[in-house]
Amino acid sequence: MVVASVVAHNAYLWWGQRLTADTDILALLPLEQRDLALQSAFTHMVDATQQRLIVLIGAADEADARRAADAYGEVLARHGNLIQSAGRITDQTGSDWLASFEGRRLTLMTPQDEASLRSQPQQFWTGVALAKLYSPFTGPRLTAWQDDPFGLFANWIQARAQETPVRPREGRLFVSDGQRDYIVLPFALQVPVFSVAGQQPVISLLEQARQAAYRVVPKAEVIQAGVILHAAVAGQQAQLEISIISIGSLAGIVLLTWVTFRSFKPIVLITLSIVIGFLGALSISSLLFNGIHIITLVFGASLIGVAEDYGIYFLCKRSGANDGVDSWQLLRRILPALLLTLATSVIGYMGLVLTPFPGLHQMAVFSIIGLIFAWLTVVFWFPTLVHASTLRNQNLLNRYGRWLTRWPLFYYDRRSFLPVASFAGLAVLGWLRLDIQDDIRSLQNSPKNLIDDQLKINKLLDLPAPGQFYLLRGATAETVLQREEILKQRLDRLIDNRQIGGYHAISNWVPSARLQAARRELIGQSVLDENGALLTLAGSLGEDRGWVTATRARLLGASATIVPEDFLKTPAGEPWRYLWIGKVANDGYAAIVALRGVTKDSLPALERAGAGIEGVQWVDKVGGITAILAAYRRYMSWVLLFSYLAVYGLLYFRYRHDSWRVLAPTVLATIVTLTLLGIAGQGLQLFHVLGLMLLLGIGVDYGIFFQEPNSHHDDAAWLAAGLSALSTMLSFGLLGLSRTPPLQAFGLTMAIGIAAVTLLVPCFRKGQSDELMSGI
């Protein structure tokens with residue numbers, strides 16, 4: 001009934017297309033569950049780019065760039081349900097943008113102009129105003145001269161324009177690298193970025209658009225950047241790996257089962273336990289999680305090599321048992337061993353649950369549920385489906401047993417001294433060469449061409465770094481803005497020292513109410529009062545006091561206080577909405593200051609710049625996750641050590657003084673794995689340690705097979721251990737070929753470790769002298 005329910009639920013999920021694989025590349029990252037503001041800040045930074053796609057189309061000649069861009073855009077324009085242009089410029093665009101500041105222009109000025117208002121005499125400002133009025137070289141006017149006679153607002157607009165190198169030109173957005181002109185085409189995706197079903201049509205459409213641009217201008221350069229490009233590559237690679245691992249593992253298990261038993265029924269039974277395990281894991285996981293990540297499915301494909309252990313052990317024991325022992329009696333005999341193997345495997349996978357990574361939690365839960373379902377299939381179904389007459393071919397069983405009798409044994413005497421000393425020397429050499437690699441960037445596996453395009457676009461557009469920023473908090477929005485203004489003074493010094501390229505802050509556009517009030521007072525005193533520059537200007541123009549009164553009233557009419565919420569609703573505020581987090585539950589208000597031109601060398605100075613300012617937190621997501629990886633690598637190393645002690649205690653209840661024989665092969669295999677990783681120059685990381693946790697859970701199973709009562713000369717137990725090890729090595733060996741670095745680390749660690757366990761387990765079986773001593 002349970003299996004029927006699971007099958008029906010899977011049919012409901014797949015046929016109803018209610019189960020879609022998620023390819024979110026951030027799924028392995030830890031959540032900031034205790035800090036809502038920090039989590040919101042990171043979400044804002046991610047959401048600002050997640051549904052965006054930026055395309056740069058360049059050519060040596062501007063006309064060619066326009067023709068190529070037109071051809072590119074024409075292809076996409078026919079598919080508005082997938083992707084839409086987000087950068088159309090019309091005659092109305094500039095007017096709408098300027099209207100965002102209607103009635104609020106007076107207090108919008110640069111710090112340089114503010115300083116000049118405090119220090120320069122009236123004659124200076126009169127000269128500025130006259131130059132603005134009469135000089136033909138003052139540039140385009142954004143407003144009527146009477147609305148900004150001293151150019152304060154115009155200078156502020158120019159300063160804001162310096163925050164990006166992109167410039168509008170005849171209805172297009174342009175940027176240049178000095179050799180080529182690039183047309184900037186921003187697009188908004190209308191499909192979920194991490195949905196495999198949504199990715200493929202978009203990627204195909206982008207390729208069609210690229211080819212259309214090349215047909216019109218063969219020498220054009222098309223550069224694309226967006227999260228969907230990386231997610232699509234990851235999704236395609238993962239789908240390929242699922243097929244390779246699952247088909248390869250299953251084919252290997254079928255071949256091993258056929259060679260062993262020369263019968264189709266064992267193949268069907270083993271496959272049945274694996275399929276039920278996988279379907280059960282998929283069904284329960286879909287109920288526990290919002291969605292199944294595609295990396296979970298890739299990792300789950302390697303579960304095939306573990307889930308078949310229980311079935312193989314039962315079939316091998318059935319093959320070696322007397323015909324007078326029925327399968328239910330056999331089950332009662334081997335049930336303690338089956339329980340122990342399941343328990344130790346679950347302990348191994350539980351290591352993934354102890355990390356702060358949601359993706360690893362899902363992988364662990366999926367694997368544990370899959371093992372439990374496969375185990376239950378063996379326990380409840382195999383005794384009924386497998387009879388004494390089912391398995392008759394014992395040729396391989398006998399040959400394997402005779403071969404293992406010649407396998408070397410470990411002795412407490414001089415015979416073991418040379419191998420032990422050689423092993424210890426090699427281990428020391430490998431461990432001395434073992435480096436630590438915790439940098440999260442080492443887990444990056446996007447294709448080089450995508451990374452190169454992303455870097456080039458970042459450089460051309462001078463985009464902010466999404467992984468390093470400041471988080472500012474305060475009880476009120478005004479407090480946040482005031483703290484931003486203090487921070488910006490320190491950042492300006494870093495810009496002067498060329499340590500960063502610039503910053504984006506909401507207070508660049510919306511000064512604090514305190515600063516706006518101070519500027520209104522400053523303008524009133526230096527420009528608009530009875531003896532201010534406005535009166536002097538009127539004298540130079542031959543105007544009377546009526547003109548002064550009218551102009552003063554006109555300027556004061558644009559002195560309304562501007563606040564973030566109102567600004568962000570305007571067309572000018574739309575690109576900067578990600579900077580303002582706003583109200584955060586009971587944690588007050590929060591905002592982000594994003595940085596441009598950040599380098600590795602500038603990180604210490606940036607961290608110091610925020611120090612001492614209340615409510616300002618430096619966030620280095622890359623460094624933070626790297627630190628988390630390092631901390632959990634150390635933590636999980638201790639967990640691994642204590643897990644060995646816990647497993648030993650669990651084994652002691654059944655094997656007593658022979659428990660060390662069960663555990664020793666896995667301990668030595670762990671040392672072998674670390675040694676080979678060191679010799680190969682592999683940097684040790686968290687995912688290697690997690691692989692060693694898994695090695696503990698699975699490797700101990702083979703020791704249990706060998707140390708069960710009456711198993712020392714039991715050919716069936718030896719064959720079960722050998723077959724299980726080969727199938728596990730096959731699955732995790734294929735996983736080691738994955739291009740997803742965490743999965744590759746898992747697979748490589750497990751493949752080496754299981755191979756070592758397989759070679760070492762027979763060395764720790766009891767010899768004849770050991771059995772005599774036990775009898776005494």
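The values are calculated or read from the model by the stated rules, or taken from the named source; none is laboratory data. These figures come from a predicted structure and were not determined experimentally. Cβ: placed from backbone, ideal geometry, glycine included. Neighbour counts: every protein chain shown. Just so you know, the surface numbers come from the protein's heavy atoms only, side chains and all, with ligands and any DNA or RNA stripped out. Shrake-Rupley method; radii C 1.70, N 1.55, O 1.52, S 1.80 Å.
Considering P709, P741, which residue is modelled with pLDDT under 80 and more than 22 Å from R406 (Cβ to Cβ)?
Values: P741 fails: modelled with pLDDT under 80.
Criteria check complete, one pass: P709.
Test I228 against the stated conditions and say whether it is within 16 Å of D64 (Cβ to Cβ), open to solvent by less than 10 Å² (accessible area, probe 1.4 Å) and either touching a residue at least 40 places away in the same chain (Cβ under 8 Å) or assigned to a helix (DSSP H, G or I) (or both).
no
Could you grab the pairs with beta carbons closer than 6 Å, sequence gap of 6+ or different chains, first residue in segment 580-603 and open to solvent by 20 Å² or more (accessible area, probe 1.4 Å) and β-branched (V, I, T), second one at pLDDT below 90 and assigned to a strand (DSSP E or B)?
Filtered contacts from segment 580-603: V598/A465; V598/Q468.
Answer yes or no: is there a residue in segment 41-53 that is at pLDDT 85 or above, surrounded by fewer than 18 Cβ atoms within 10 Å (Cβ to Cβ) and among the charged types (D, E, K, R).
Checking segment 41-53: at least one residue is at pLDDT 85 or above, surrounded by fewer than 18 Cβ atoms within 10 Å (Cβ to Cβ) and among the charged types (D, E, K, R).
Looking only at segment 576-624, count how many residues are in a helix (DSSP H, G or I), closer than 27 Å to W97 by Cα and within 24 Å of the chain's Cα centre (by Cα).
Qualifying residue count for the region: 3.
Here is a list: F653, F642. Which entry is out of contact with any helix residue (DSSP H, G or I) (no Cβ under 6 Å at 6 or more places or on another chain), more than 19 Å from L354 (Cβ to Cβ) and either hydrophobic (A, V, I, L, M, F, W, C) or not in a helix (DSSP H, G or I) (or both)? Don't jump to the end; show me each part of the working.
Values: F642 fails: more than 19 Å from L354 (Cβ to Cβ).
Just a single option satisfies the conditions, and that option is F653.
Scan (1) at pLDDT 85 or above; (2) open to solvent by 30 Å² or more (accessible area, probe 1.4 Å); (3) within 21 Å of V191 (Cβ to Cβ) for the single condition D24 breaks and write down its number.
Evaluating D24 over (1) at pLDDT 85 or above; (2) open to solvent by 30 Å² or more (accessible area, probe 1.4 Å); (3) within 21 Å of V191 (Cβ to Cβ) leaves (1) as the failure.
Kindly establish whether G252 is at pLDDT below 90 and in contact with a Lys or Arg (Cβ under 9 Å, 6 or more places away or on another chain). Write out each step before concluding.
Working: at pLDDT below 90: yes; in contact with a Lys or Arg (Cβ under 9 Å, 6 or more places away or on another chain): no.
No.
Take A725 and decide whether it is at pLDDT 80 or above, surrounded by fewer than 23 Cβ atoms within 10 Å (Cβ to Cβ) and under 21 Å from Y644 (Cα atoms). Walk me through it before giving the result.
Working: at pLDDT 80 or above: yes; surrounded by fewer than 23 Cβ atoms within 10 Å (Cβ to Cβ): no; under 21 Å from Y644 (Cα atoms): yes.
So A725 fails the test.
Pick out the one residue from L690, L676, L694 that is modelled with pLDDT of 85 or more, within 37 Å of the chain's Cα centre (by Cα) and farther than 13 Å from I436 by Cα.
Unique residue meeting the criteria: L676.
Taking Q489 as the residue in question, decide whether it is under 26 Å from T164 (Cα atoms), part of a helix (DSSP H, G or I) and open to solvent by 60 Å² or more (accessible area, probe 1.4 Å).
Criteria met by Q489.
Which of the residues spanning segment 728-741 are over 20 Å from I267 (Cβ atoms), assigned to a helix (DSSP H, G or I) and open to solvent by less than 10 Å² (accessible area, probe 1.4 Å)?
Quick first cut of segment 728-741, residues over 20 Å from I267 (Cβ atoms) only: 732-733, 735-741.
Those still in the list that are assigned to a helix (DSSP H, G or I) too: 732-733, 735, 741.
Hits for segment 728-741 are F732, L735.
Have a look at Q516, Q617 and point out the one that is of a type in the set (S, T, N, Q), over 30 Å from P121 (Cα atoms) and at pLDDT 90 or above. Walk me through it before giving the result.
On the way: Q516 fails: over 30 Å from P121 (Cα atoms).
So the residue among Q516, Q617 that is of a type in the set (S, T, N, Q), over 30 Å from P121 (Cα atoms) and at pLDDT 90 or above is Q617.
Go through (1) at pLDDT 85 or above; (2) more than 30 Å from Q362 (Cβ to Cβ) one by one and return the number of the condition A86 breaks.
Failed condition: (1).
Which ranges mark the helices (runs of 4 or more DSSP H) fully within segment 237-340 that have 2 or more residues being open to solvent by 20 Å² or more (accessible area, probe 1.4 Å) and closer than 28 Å to M1 by Cβ?
Fully inside segment 237-340 and qualifying: 264-288.
List the residue pairs whose Cβ atoms are under 8 Å apart, where the first residue sits in segment 169-190 and is under 14 Å from A225 (Cα atoms), the second is part of a loop (DSSP other than H, G, I, E, B) and polar (S, T, N, Q), and the two are 6 or more positions apart or on different chains.
Within 8 Å, the pairs are A188/Q51; L189/Q51.
Scanning segment 551-579 for residues that are among the aliphatic types (A, V, I, L, M) and open to solvent by 60 Å² or more (accessible area, probe 1.4 Å), which turns out nearest to G467 (Cα to Cα)?
Taking the candidates together, the pick is L556.
With within 27 Å of I242 (Cβ to Cβ) and surrounded by 20 or more Cβ atoms within 10 Å (Cβ to Cβ) as the only criterion, which of L668, L696, L674, L651 stands out?
L696
Hey, which of the strands (runs of 3 or more DSSP E) in segment 113-217, taking only ones fully inside, have at least 3 residues that are of a type in the set (F, W, Y) and open to solvent by less than 40 Å² (accessible area, probe 1.4 Å)? Even if it seems obvious, please write down each step before you answer.
Numbers: elements: 167-169, 172-176, 181-189.
Filter on segment 113-217 gives an empty set.
Hey, among the residues in segment 390-445 that are open to solvent by 50 Å² or more (accessible area, probe 1.4 Å) and among the acidic types (D, E), which one's modelled with the lowest pLDDT?
Checked segment 390-445; the qualifying residue modelled with the lowest pLDDT is D413.
Can L494 be described as outside any loop (DSSP other than H, G, I, E, B), under 33 Å from the mean Cα position of the chain (by Cα) and touching a residue at least 40 places away in the same chain (Cβ under 8 Å)?
Spelling it out, L494 is indeed outside any loop (DSSP other than H, G, I, E, B), under 33 Å from the mean Cα position of the chain (by Cα) and touching a residue at least 40 places away in the same chain (Cβ under 8 Å).
Can you pull out the residues in segment 508-550 that are of a type in the set (F, W, Y) and either in a loop (DSSP other than H, G, I, E, B) or open to solvent by 60 Å² or more (accessible area, probe 1.4 Å) (or both)?
W509
Does R634 satisfy the condition of being open to solvent by 10 Å² or more (accessible area, probe 1.4 Å), part of a helix (DSSP H, G or I) and farther than 30 Å from T479 by Cα?
yes
Does L371 fit the bill of being closer than 30 Å to G351 by Cβ, modelled with pLDDT of 70 or more, outside any helix (DSSP H, G or I) and more than 23 Å from the chain's Cα centre (by Cα)?
Against the criterion (closer than 30 Å to G351 by Cβ, modelled with pLDDT of 70 or more, outside any helix (DSSP H, G or I) and more than 23 Å from the chain's Cα centre (by Cα)), L371 does not qualify.
Pick out the one residue from I270, I245, I276, I228 that is of a type in the set (A, V, I, L, M, F, W, C), in contact with a Leu (Cβ under 9 Å, 6 or more places away or on another chain), farther than 26 Å from L339 by Cα and at pLDDT 85 or above.
Testing whether each residue is of a type in the set (A, V, I, L, M, F, W, C), in contact with a Leu (Cβ under 9 Å, 6 or more places away or on another chain), farther than 26 Å from L339 by Cα and at pLDDT 85 or above leaves just I228.
Restricting the first residue to segment 423-450 and requiring it to be in contact (Cβ under 8 Å) with a residue 24 or more places away in the chain and part of a loop (DSSP other than H, G, I, E, B), which pairs with a second residue that is charged (D, E, K, R) and surrounded by 17 or more Cβ atoms within 10 Å (Cβ to Cβ) meet a Cβ separation below 9 Å and a spacing of at least six or different chains?
Pairs that qualify, where the first residue is in contact (Cβ under 8 Å) with a residue 24 or more places away in the chain and part of a loop (DSSP other than H, G, I, E, B) and the partner is charged (D, E, K, R) and surrounded by 17 or more Cβ atoms within 10 Å (Cβ to Cβ), are D438/R633.
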